[in-house]
Amino acid sequence: MKSQATMVCCLVFFLSTECSHYRPKVHIKDEDTLQNSEGKLKTGRVQEKCHGPCTSSSNCSQPCARPFRGEIGFTCNQKQWQKSTETCTSLSVKTLFEDPTGVSRLSVASSMPLAVLDFRAPEPKSVAQGILRTCPLDYACIIDAVKASEATSGNIAFIVGLLKNISMDLSDHVTREKMKSYGEVANHILDTAALSNWAFIPDKNVSADFLQSVTWFAGRLRVHSESEDVVDELFIQTKGFHLTHNTTEKSFNFSTGTRKNTTENISGIIEIPRRELRKLPPRGTSQAVSLAFPTLGAILNEAHLPNASLSRLINGLVLSVLLPESLKEILLTFEKINKSRHARAQCVGWHSRKRRWEESACETTLDVTNRAKCRCNYTNAVMSFSILMSPQSAMDRVLDYITCIGLSVSILSLVLCLIVEATVWSRVVVTEISYMRHVCIVNIATSLLIADVWFIVGSNFNRKGQDYRWCVAVTFFCHFFYLSLFFWMLFKALLIIYGILVIFQRMVKSRMMAIGFVIGYGCPLVIAVTTVAVTEPEKGYVRPDACWLNWDNSKALFAFAVPALVIVAVNILVVLVVALNTQRPSIGSSKSQDMAIIMRIIKNVAILTPLLGLTWGFGIMTLMEGTAFVYHVIFALLNAFQGFFILLFGTIMDHKIRDALRMRMSSLKGKSRAAEIASLSPNNGSKLMNR
């Protein structure tokens, strides 16, 4: 469907086209020091960089700073050494089972060779034996050592290996307590402060191994109650449900943040349709387990991409679900992280064996500004799902081209319209009603011209936190002048009614001018100021991704949409009144006369419709979900070229203006001819000779 934001963009280019993709906002310098808010070192740092010449494709390595073991690899890029890999680790099987005093709690650890204890990936049997001896019921004995470690690339790889070993060797009877401990360990390396370090792990399959290990372990969880919230960490959540043949419909609802200390959570919903639940055995109880990862999408590397240069960014939670084998279809709803108008969604499923996102696993059933809905096929190989940020579609590009071209034509047409009005003003405002008609045209053109200029300022404005007030100002002026356009259209419609129905009463120019400016500028000013006063205290006046009226939170967009649509409805009534009162066929009229009358009615409607903004009524259709693309194109065309319509129907097609222009041109030609004759006359020539 086309979202509200898309409708607003078509509504004379209101929405900015800038799209900022979601990426982990972590910057790595050459010194490779990443610090958190408390100043703790997050990676091992070398004592100094590589020495020697830096030539293309050359590599070097340096040892990690103590107490880390391992090395950091560098690659020459643009004549500078840049970090490419890192294996710095402080974890080992020995450190996992040390008490706070540094004494090992395992005899097995003390008897192991040092090479085994210091190796980056934990030895499976050692981990299993250590946990079984120390904390077999809840795995809690390894949590403190993991949380105390820095999230270096080497430590991340070690912890992934640790989780993998636990999944393979200790997943026979997974209890709620074991799953909670497992989730705490996984949460440590999913922290936003650790995301950038995943890129330097030499094994590029480590993120896929992590997802597979976590889902395998969660699949062995025993759900005891009807509904359980098992793991509720910031970067990983796990829920479990009981399922039966008679269950109506089951949903897993997740809401979690993408970074610490944030109130802006993103949500996701997994639904199991009723028709799928009917596939369960009539008797007995089954279970379903689901997981949500807000940051995993940023680090989940794909292997064997057809085109490695394509950037496939995740724009929502990664949702994993483990169901009975008889269930094959699920429904998912993802809230988008990037809610820009061009952040199109592509529903995908992660194929665990191919290690890549499969578009064929899901179907996108709804794609709006803030969320996407998917219908996905569940298999043993595809159990995790998310939405990719698709590149701008061809349909979007068509609308953008229409908008850009239409905006240029509109501004040029409005400037030309004002020039023509100024040129012929004294010749066409001979009566009160013609005077007011041209006052309306001038103010309609001026309001739309100023609104378009403010739109250009807003659409090219890079909205940042420190520029919030400027964005509010841009939005206010766009709001005010677009409303002024509508209210001057309303006043022109009232003038038409007045000219038709009030025939014998003379119009008082000063009074009508006062009424016109109160309606044309006073009403929009009241609406715009009131909207700012009501919504701005809660920071709800502008959108988070563009300088235009907010819709998702405060519904400030109603302050534009409601007056505009009401005026459109009034203008439709005006067109009907004009058609009925000016084109009534007489009794006994012939078919040719009837056809001529019909043609005059069509002409009246064709002239009044674009001038009075009736084409904006197509905006109602674009508000509906699933609206055909053709309606959006028609709506964009009619509104983007409205400045041209005002020039064509309000100025050029007026025969009085054309006559005035011809007279003006004839007058200018006559003066030019007279000046030429005067310059060539004998008397003038003799004067020149005398000089």
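The values are calculated or read from the model by the stated rules, or taken from the named source; none is laboratory data. These numbers come from a predicted model, not from an experiment. FYI the Cβ positions are ideal-geometry reconstructions off the backbone, even for glycines, and counts take in every protein chain you see. These accessible areas exclude ligands, DNA and RNA; they are computed on the full protein's heavy atoms, side chains included. Shrake-Rupley method; radii C 1.70, N 1.55, O 1.52, S 1.80 Å.
Descriptive notes on the structure:
- Odd one out for Ile572 among (1) closer than 20 Å to Ile441 by Cα; (2) open to solvent by less than 40 Å² (accessible area, probe 1.4 Å); (3) at pLDDT 75 or above: (2)
- Tally, over the stretch 188-207, of residues that are touching a strand residue (DSSP E or B) at 6+ places or on another chain (Cβ under 8 Å) and more than 20 Å from Glu71 (Cβ to Cβ): 1
- Strands (runs of 3 or more DSSP E) wholly inside the stretch 198-301 that include at least 3 residues being free of Cβ contacts under 8 Å to residues at least 60 places away in the same chain: 227-232, 237-243, 250-256, 286-293
- Candidates are the residues of the stretch 135-154 that are out of contact with any helix residue (DSSP H, G or I) (no Cβ under 8 Å at 6 or more places or on another chain) and in a helix (DSSP H, G or I); the one that is surrounded by the most Cβ atoms within 10 Å (Cβ to Cβ) is Gly154.
- Matching residues in the stretch 176-205 - criterion: being open to solvent by less than 20 Å² (accessible area, probe 1.4 Å), over 26 Å from Thr285 (Cα atoms) and over 30 Å from the mean Cα position of the chain (by Cα): Ser181, Val185, Ile201
- Residue satisfying all of: in the stretch 256-276; surrounded by 14 or more Cβ atoms within 10 Å (Cβ to Cβ) and of a type in the set (D, E, K, R); modelled with the lowest pLDDT among these: Arg259
- Subset of the stretch 515-544 [small (Gly, Ala, Ser) and touching a strand residue (DSSP E or B) at 6+ places or on another chain (Cβ under 9 Å)]: none
- Single residue of the stretch 215-227 satisfying the filter (open to solvent by less than 10 Å² (accessible area, probe 1.4 Å) and in contact with a helix residue (DSSP H, G or I) (Cβ under 6 Å, 6 or more places away or on another chain)) that is modelled with the lowest pLDDT: Leu221
- Residue that is within 30 Å of Ser225 (Cα to Cα) and part of a loop (DSSP other than H, G, I, E, B), where the choices are Ser167, Ser171: Ser171
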